[in-house]
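The values are calculated or read from the model by the stated rules, or taken from the named source; none is laboratory data. A quick note: this is a predicted structure, and the numbers were derived from the prediction, not measured. Note that we place each Cβ from the backbone using ideal geometry, even for glycine, and neighbour counts take in every protein chain shown.
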Amino acid sequence: MESNVQQFPPFREASAPPAHDDHAGHEHTEHHEPNFWQKYIFSSDHKVIGIQYGFMSLCFMLFGFFLMLLMRWQIAHPGVPVPVLGPLLEKILGQPAAHGAISADLYNSFGAMHGTIMVFLGVVPLAFAAFGNYVVPLMIGAPDMCFPRINMASFHAFFLGGVVMLVSFFIPGGAAQAGWTSYSPLATTIPTNGQAFWLVGMVLLITSSLLGAVNFIATIIQLRAPGMTWMRLPWFVWAQFVTAFILLLAFPPLEAAGVLQLMDNVAHTSFFLPTGLAIGGQLADRSGGGSPLLWQHLFWFLGHPEVYVLILPAMGIVIEVIANNTRKPIWGYKSLVYSVLFVGFLSFIVWAHHMYLTGMGQKIATFFQATTMMISVPSVIILTCMFLSLWGGSIRINTPMLFALGFLPMFGIGGLTGLPLGLAAADLYLHDTYYIIAHFHYVVAPGTIFALFAGVYFWFPKMTGRKMNEFWGRVHFWCSLAFMNIVFMPMFAQGIKGMLRRMSDGAVNYSAARVPGAIDALPGSVMQLNGVILWAAICLGIAQIPFIINLFWSINHGEKVGTNPWRATTLDWQTPTPPPHGNFEHTPHVVRGPYEYSAPGHAEDFTPQDEPVSPSAPLTPTAHH
Amino acid sequence: MEIPYTIETRPDTGLYNAKLGIWLFLASEVMLFGGLFSAYVLLRVGAEHGMWPHGWLNVTLGTVNTLLLALSAITTLLAWAACKVRDFTKFKIFHACTILLALTFLGIKSYEYHDKLIHYEIKLNNGTFADGHMVEESKDFDLAKKTGTVTLHGRVVADEKELMDLRAPAAQSAKLDEVTVAATDIKSMGNYGPRHNTFTAIYFTLTGLHALHILGGTIVIFYFWAFGGAMWKTDPERFTNRIEVSGLFWHFVDLVWIFLFPVLYLT
């Protein structure tokens, strides 16, 4: 049975000759063979660009992870030289890492760059650009993206943006230090050009996202195969579609804000600097008249929709993996579609819940509190549909499914702990503590990143024709799950006890803890948690080693599989593996919805979207062999 | 498999790919300029009473520029129409006009920038303000060393607020003269560049970004105008689509100016 499925003919048109894996590249033979640069660097093929994005973003994620490890060391042992990496840091960065210890400035730049890299260079490029590029055209039955060369330009802008961000570590004064949110006037008054680099890098990354977003939307609207109606789209495509709209419409205001802050930093304007601003006790030589709140509004107008840019593609992956491994249709497809549209719309009118403490006013806070509570409804609908989809399924457990299942409670914890933050009264207490850190990391780290791991394990066979090792995949999952929770769960306790975020030396929390009986001192047990978190983070890093080795080893040595090893229904699995340039040799004709698993009356427990509907059709799955 | 709908339209959407793409891009541009206009509104609303400038920009030049862009919108449309009826000569003529109009616009804009950059406000030690266009600096003028003099064509006012509303009767009737100030009397001095105040900051940023869009559009149109002949011969429909798409961008850039002109020049 299994071997029969693996040799599934990828095309079902009556005229289509039976195609096999080894024929995948045959249409290339009449063209000249592209050289290395054309093939891997200046390729306009959506699959290559997707893999480029995936590789780069995984590298950036690892780099961001190391920044975090260094910060965790500093939090657990403030001012103590970093073991192992300390001398290296001093060699590379010089004075800010004198004696291998992390100075306050360095800690600040690590904090700012950890956030920036993880969000803009790690998760978004992986979730949206990498998976979106590779999978969306395949899923809708398109030969490529609408604008292949713009797609290439998008990757190159992303790459340049990443280079600018990395270079900023080495300039005098170091990288940006004002947090990933870059609040003014702080971002303008810190004496380093790192912020200007950050802004230029962001403009490049925003350009990349815009080009990508235009491309995705146009592709999904224009290049759907015949019969691929809107309600037959796999939900992953819907999630990417809404994500693309969020990027398209929410990023430009940040670009506007970035241009204005760049003017503040370079042309010495005062867009975000208030009248009478004093720096170091001296009246600043600025005209004043600007508004720090304006930056925050423009930043969070992107910043909050960005949360959904992080989470929606991840949810899309989880839905695909769950549908495939429960072997039954996803529960509530239409509810999912309307929910994701509603989330996309609402995500534009909740941004100021990040600003309850800014003094913007009670009435505005009340409005945003209401919209914030509203947006949890469609999010909960999506999560509920995922849970209900499991009900009564004969669940197939494999690495992608484990990560998808891990996503559910982890995202649940992240989402539910966000509710107190959405209420202005509770937020006053919890704001700027480790509670926030724990909350959004639960959404993004064990939430989104788990879903992304699921995606990597799930689509790896499509990209390479081989599966990743199952045993090491499970080791990777269970260790990651355990250590993620040991890292982030204690932070809820720390935050509720009042431990502040963004402090390079623990500030009042630590100094008070050293004085016996001091008011508001952190209890010793909370302080000790920092050591626990540090070691859990190190173990979490070690737990990624099996993944990294597995990923590269499996490219050439993984178990060989056919075109459709997961026995999936969507079009991405009905192509040769790996798909050739142009993806499909003949336009697929879609005749049914995306999740036709275990349909009664079929020999197989899955019915591909493009399998002819008539029982008298000459080609049935077994007729070929 | 080739990418479909690059030239012909998709039946259910009625669009070819690039046309949808440019509309999406313009949607993001609306949000970009929307963000900047919101910034303008918030800065202006938050300005200290009487400190938001009025009448600082030359309405005549602004009107001329508005008309230039409006005219270029017409020539752009006609250039596309000429392509549609397959008349390449007319296309060449109309888009030559577009390019010339755009360059004239940029020329006038540069003149206006220059006018602001040679306009100085000098805060004097006695609390008054000398304000006007730079006539000359004496050879030994050095603000740090306190030597030499500077001569402006303008006036001296007691309160900075008098410089804000140039449409007020007092400012209209004020006599402009040559004012010479010694460096020793100068507390601080600066031109009407972006850093002068939030108005010049937003003025330079908004019109600068708009001018960059004009420049970008002009380069694209010039490219099609100068090097489009080859594609015209092989695939006129595709070339016509390119002219339409670049024309849509051009109309958007014109439209931004239609908002910028009243917001900056007339209020």
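Results, tabulated for the structure shown:
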read-out	value
Long-range neighbours under 6 Å by Cβ, at least six apart or interchain, first residue under 30 Å from B:Arg242 (Cβ atoms) within the range B:195-219, second buried (at least 23 other Cβ atoms within 10 Å of the Cβ) and polar (S, T, N, Q)	none
Residues located in the range B:1-40, provided they are free of Cβ contacts under 8 Å to residues at least 12 places away in the same chain, facing chain A (nearest Cβ under 8 Å) and polar (S, T, N, Q)	B:Thr13, B:Ser28, B:Ser38
Residue check for B:Thr98: in the same structural domain as B:Arg242 (by TED's automatic domain parsing), within 29 Å of the chain's Cα centre (by Cα) and of a type outside the set (A, V, I, L, M)	yes
Qualifying residue in the range A:145-161 (condition: farther than 30 Å from A:Asp572 by Cα and surrounded by 18 or more Cβ atoms within 10 Å (Cβ to Cβ))	yes
The one condition in (1) surrounded by fewer than 19 Cβ atoms within 10 Å (Cβ to Cβ); (2) more than 29 Å from A:Tyr434 (Cβ to Cβ); (3) in contact (Cβ under 8 Å) with a residue 60 or more places away in the chain that A:Phe471 fails to fulfil	(3)
Residue, farthest from the chain's Cα centre (by Cα), within the range A:288-309, restricted to residues that are under 20 Å from A:Ala454 (Cβ atoms) and crowded, with 24+ Cβ neighbours inside 10 Å	A:Tyr308
Residue in the range A:414-422 that is of a type in the set (Ser, Thr, Tyr), under 16 Å from A:Val307 (Cβ atoms) and assigned to a helix (DSSP H, G or I) present	no
Residues of the range A:204-234 classified as assigned to a helix (DSSP H, G or I) and more than 11 Å from chain B (Cβ to nearest Cβ), total	6
Residue match in the range A:262-285 (condition: within 12 Å of chain B (Cβ to nearest Cβ) and closer than 30 Å to A:Pro588 by Cα)	no
Number of positions in the range B:189-238 that are facing another protein chain (nearest Cβ under 10 Å) and of a type in the set (Ser, Thr, Tyr)	3
Matching option when the condition is in a helix (DSSP H, G or I), crowded, with 18+ Cβ neighbours inside 10 Å, in contact with a Phe, Trp or Tyr (Cβ under 6 Å, 6 or more places away or on another chain) and β-branched (Val, Ile, Thr), among A:Thr188, A:Thr116	A:Thr116
Scan of the range A:482-514 for residues that are surrounded by fewer than 19 Cβ atoms within 10 Å (Cβ to Cβ) and within 28 Å of A:Leu402 (Cα to Cα), ordered by number	A:Ala482, A:Asn485, A:Ile486, A:Met489, A:Ala493
Breaking point among (1) β-branched (Val, Ile, Thr); (2) within 27 Å of A:Gly455 (Cα to Cα); (3) at pLDDT below 95, for A:Ile49	(3)
Residue match in the range B:90-97 (condition: in a loop (DSSP other than H, G, I, E, B) and in contact (Cβ under 8 Å) with a residue 12 or more places away in the chain)	no
Residue within the range B:165-176 that is under 28 Å from B:Val41 (Cβ atoms), charged (D, E, K, R) and surrounded by fewer than 19 Cβ atoms within 10 Å (Cβ to Cβ) present	yes
